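Written out below as structure tokens is the structure these notes cover.
The values are calculated or read from the model by the stated rules, or taken from the named source; none is laboratory data. Predicted, not measured: the structure shown is a model, and the values here were computed from it. Note that we place each Cβ from the backbone using ideal geometry, even for glycine, and neighbour counts take in every protein chain shown.
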Amino acid sequence: MLQGLAENSVIVGLLAALAYRSGALDRNGCLAAAFLGLLILEFGGVYPFLALLVFVILGVMATKYRFHDKSKLGIAQHNRGVRSWGNVLGNGLGALIFILFEYVSRRDVFWAASFAAIATANGDTLASELGKVFGRRPRLITNLQPVKAGTNGGITLAGELFALAGSAAIAIFALPLTGNKMLMLLAVVAGGFIGVNLDSLIGATLENRGITDNNSTNFLASFLGGLTGAVVYYLLMPSG
């Protein structure tokens, strides 16, 4: 067990160092990512860890894509896209909570919640970063009135499609962990997609009023997206 922990620590440490060297995370972000990643790897195993790793990679790529153009429009990620510990926990803590529930209960419904939480984070990042580039005529999610690109709560058709694709990309990693593969796929994609739109709704209401910030909005959305995935799985789960 100690040997496995040591090996996992080395793997997570190397990946955190790579994230720092690539400019994806600052030092505090790397420490938070290493801590979070190690816990997820220890209690959840390789599949949720790989899902989280894919989220990080896709998030970095989406953030850096046409970053100069986004900067000129004033809609680029602040600090040149380098994220810190608050962003790491905001996007990953919800998944860890559900993974701990799965570790104790050994019930697939918590796998659905865990991966739906990661799917929410991934879908939201792709929808936000790529929706700004490819989206046209953004509208506020609460009243569908036109808003400027980058406005909290603004949605576009392109952003919604990226949210769906980002959720599906994470759902794939949940399939080896269950016998109810189609149900798991549906639950994770639905949870992630709804979670992304809840993120927009929270952004348009609570965040715009200063009640939440970006990190707490991300946590609430990923947690609620995870709960949605769990509810979908539980309600459609075959009886017996």
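With respect to the conditions (1) under 17 Å from the mean Cα position of the chain (by Cα); (2) farther than 18 Å from Asn87 by Cβ; (3) surrounded by fewer than 24 Cβ atoms within 10 Å (Cβ to Cβ); (4) free of Cβ contacts under 8 Å to residues at least 60 places away in the same chain, Leu227 falls short on a single one, namely (4).
Let's see how each residue does on (1) among the polar types (S, T, N, Q); (2) touching a Leu at 6+ places or on another chain (Cβ under 7 Å); (3) free of Cβ contacts under 8 Å to residues at least 60 places away in the same chain:
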position	(1), (2), (3)
Gly153	no, yes, yes
Phe193	no, yes, no
Asn197	yes, no, yes
Phe219	no, yes, no
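The helices (runs of 4 or more DSSP H) found entirely in the stretch 21-86 that carry 1 or more residues being more than 26 Å from Gly131 (Cβ to Cβ) and of a type in the set (Val, Ile, Thr) are 27-44, 46-64.
The number of residues in the stretch 92-136 being within 10 Å of the chain's Cα centre (by Cα), among the polar types (S, T, N, Q) and closer than 18 Å to Tyr47 by Cβ comes to 2.
For the stretch 55-70, state whether one or more residues are at pLDDT below 90 and surrounded by fewer than 13 Cβ atoms within 10 Å (Cβ to Cβ). Yes, some residue in the stretch 55-70 is at pLDDT below 90 and surrounded by fewer than 13 Cβ atoms within 10 Å (Cβ to Cβ).
Determine, yes or no, whether Arg139 is more than 23 Å from Ser216 (Cα to Cα), out of contact with any Phe, Trp or Tyr (no Cβ under 7 Å at 6 or more places or on another chain) and surrounded by fewer than 24 Cβ atoms within 10 Å (Cβ to Cβ). Considered against the rule, which asks whether it is more than 23 Å from Ser216 (Cα to Cα), out of contact with any Phe, Trp or Tyr (no Cβ under 7 Å at 6 or more places or on another chain) and surrounded by fewer than 24 Cβ atoms within 10 Å (Cβ to Cβ), Arg139 comes out as no. Please pick out the residue among Leu185, Leu175, Leu126, Leu161 that is touching a residue at least 24 places away in the same chain (Cβ under 8 Å) and of a type in the set (A, V, I, L, M). Leu126 is the lone residue from the list that is touching a residue at least 24 places away in the same chain (Cβ under 8 Å) and of a type in the set (A, V, I, L, M).
Here are Leu38, Leu31: which of them is in contact with a helix residue (DSSP H, G or I) (Cβ under 9 Å, 6 or more places away or on another chain), of a type outside the set (S, T, N, Q) and surrounded by 18 or more Cβ atoms within 10 Å (Cβ to Cβ)?
Exactly one residue qualifies, and that residue is Leu38.
Would it be correct to say that Leu89 is surrounded by fewer than 24 Cβ atoms within 10 Å (Cβ to Cβ), assigned to a helix (DSSP H, G or I) and within 15 Å of the chain's Cα centre (by Cα)? Considered against the rule, which asks whether it is surrounded by fewer than 24 Cβ atoms within 10 Å (Cβ to Cβ), assigned to a helix (DSSP H, G or I) and within 15 Å of the chain's Cα centre (by Cα), Leu89 comes out as yes. Suppose we keep only residues that are within 17 Å of Leu52 (Cβ to Cβ) and of a type in the set (A, V, I, L, M, F, W, C) within the stretch 171-183. Which one would you say is farthest from the chain's Cα centre (by Cα)? Among those that are within 17 Å of Leu52 (Cβ to Cβ) and of a type in the set (A, V, I, L, M, F, W, C), it is Leu177. Please verify whether Asn215 is part of a helix (DSSP H, G or I), under 22 Å from Leu96 (Cβ atoms), among the polar types (S, T, N, Q) and within 13 Å of the chain's Cα centre (by Cα), treating the condition exactly as stated. So Asn215 passes the test.
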